1. Looking at segment 46-55, can you tell me whether even one residue there is under 26 Å from LYS112 (Cβ atoms), in contact with a Ser or Thr (Cβ under 7 Å, 6 or more places away or on another chain) and in the same structural domain as GLU115 (by TED's automatic domain parsing)?
2. Within segment 145-164, is even one residue farther than 19 Å from TYR74 by Cβ, touching a Ser or Thr at 6+ places or on another chain (Cβ under 8 Å) and at pLDDT below 95?
3. How many residues are modelled with pLDDT of 95 or more and of a type in the set (D, E, K, R) if we restrict to segment 84-122?
4. Return only the number of the condition from (1) over 14 Å from GLU166 (Cα atoms); (2) hydrophobic (A, V, I, L, M, F, W, C); (3) surrounded by fewer than 18 Cβ atoms within 10 Å (Cβ to Cβ) that PHE104 does not satisfy.
5. Where in segment 6-89 are there strands (runs of 3 or more DSSP E), lying fully within it, with 2 or more residues that are exposed (fewer than 14 other Cβ atoms within 10 Å of the Cβ)?
6. Just name the residue that is farthest from ILE19 (Cα to Cα) out of those in segment 223-263 that are out of contact with any Lys or Arg (no Cβ under 6 Å at 6 or more places or on another chain), free of Cβ contacts under 8 Å to residues at least 40 places away in the same chain and of a type in the set (Gly, Ala, Ser).
7. Any idea which of (1) outside any helix (DSSP H, G or I); (2) in contact with a Phe, Trp or Tyr (Cβ under 8 Å, 6 or more places away or on another chain); (3) at positive phi is the one ASP97 doesn't satisfy?
8. Would you check if GLU42 is at pLDDT 95 or above, outside the structural domain of ARG218 (by TED's automatic domain parsing) and over 17 Å from ILE2 (Cα atoms)?
Amino acid sequence: MIKINPLNECVELQEPRRIMKYVLVWCSYGSVSIVVDENEFEIKANEVITITSGQIHYFKKIKDPAGFILEFTYDFFCKNDNDIELIFHNGLFCHFDENEIITFDNIEMVQKELEQIKTELNKKPYQYLISIHSRIELILVEINRSKIKLGNDIWKPDALFLKFLELVRANFQYNYQLSYFANVLGTTEAKLNDHSKLHTGKTAQNVIYGLIVSEAKRLLTYQNLSIKEVSHQLGFNDPFYFSNFFKKHTSQSPKSYKTKLVL
């Protein structure tokens, strides 16, 4: 549900890992080179990076770092639509492989709140989970403020669109049609299309395709699976059809993509 560890003690990140939690990596001293999906970032003192649930990540280089890695699940944090919108406000935990490094202004506040979260988890005082939820809120607000000071445009996503993204991510193996997601969310395909075009400039179906392609790349890159096994995990009954789908959206076959990774 929620976990926090000192940055220099996270031995599990020495190898690629994937968890269904949102991950916040905060560096207060030294530096860390971290790979997230296909991209590499160097986090230095007073910087943070957010990693979306399901993204593969690992440390590549570590230079005497201090800081924290905070992990929490969607179900723990997102109690209502306001929480859902906050967690994705300004692309904080973006589903579209757009991770970025953010420099904090209010360093002392962030360090204090992360240390207090660690204390709350260790001691588990009365209503400690409520306290931790509030402290995560404060940290996310501070990240947003830091991004705005850097000149970023304010982007406030709609909770319905974010629920749609989460639902797609949780059901890759079934390869559901757009109508299924609309029914589960109690809305219409037209409304999902309107929200998708507003937030991404793409139709809802093309958003689904983009998420599937990102997931396919993760499976091809980090898991020792055959193309047939990858296609099965993504709900494709025919590996040939999956290969054509992947090539259509990436301009290369799954086999070519995997071969380039080895070279």
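1. Yes: segment 46-55 contains one or more residues that are under 26 Å from LYS112 (Cβ atoms), in contact with a Ser or Thr (Cβ under 7 Å, 6 or more places away or on another chain) and in the same structural domain as GLU115 (by TED's automatic domain parsing).
2. Our first condition is that a residue be farther than 19 Å from TYR74 by Cβ; within segment 145-164, this holds for 145-155.
Now narrow it down to the ones that are touching a Ser or Thr at 6+ places or on another chain (Cβ under 8 Å): 146, 150.
When the remaining residues are screened for being at pLDDT below 95, the result is 146, 150.
Yes, because at least one residue in segment 145-164 is farther than 19 Å from TYR74 by Cβ, touching a Ser or Thr at 6+ places or on another chain (Cβ under 8 Å) and at pLDDT below 95.
3. The number of residues fulfilling the criteria is 5.
4. Of everything listed in (1) over 14 Å from GLU166 (Cα atoms); (2) hydrophobic (A, V, I, L, M, F, W, C); (3) surrounded by fewer than 18 Cβ atoms within 10 Å (Cβ to Cβ), PHE104 misses just condition (3).
5. 39-44, 57-72
6. SER251
7. Of everything listed in (1) outside any helix (DSSP H, G or I); (2) in contact with a Phe, Trp or Tyr (Cβ under 8 Å, 6 or more places away or on another chain); (3) at positive phi, ASP97 misses just condition (2).
8. When the stated conditions are applied, GLU42 passes them.
The values are calculated or read from the model by the stated rules, or taken from the named source; none is laboratory data. Since the model is a prediction, treat every value here as computed from it, not as a measurement. Please note: Cβ atoms are built from the backbone with ideal geometry, for glycine as well, and neighbour counts cover all protein chains shown.
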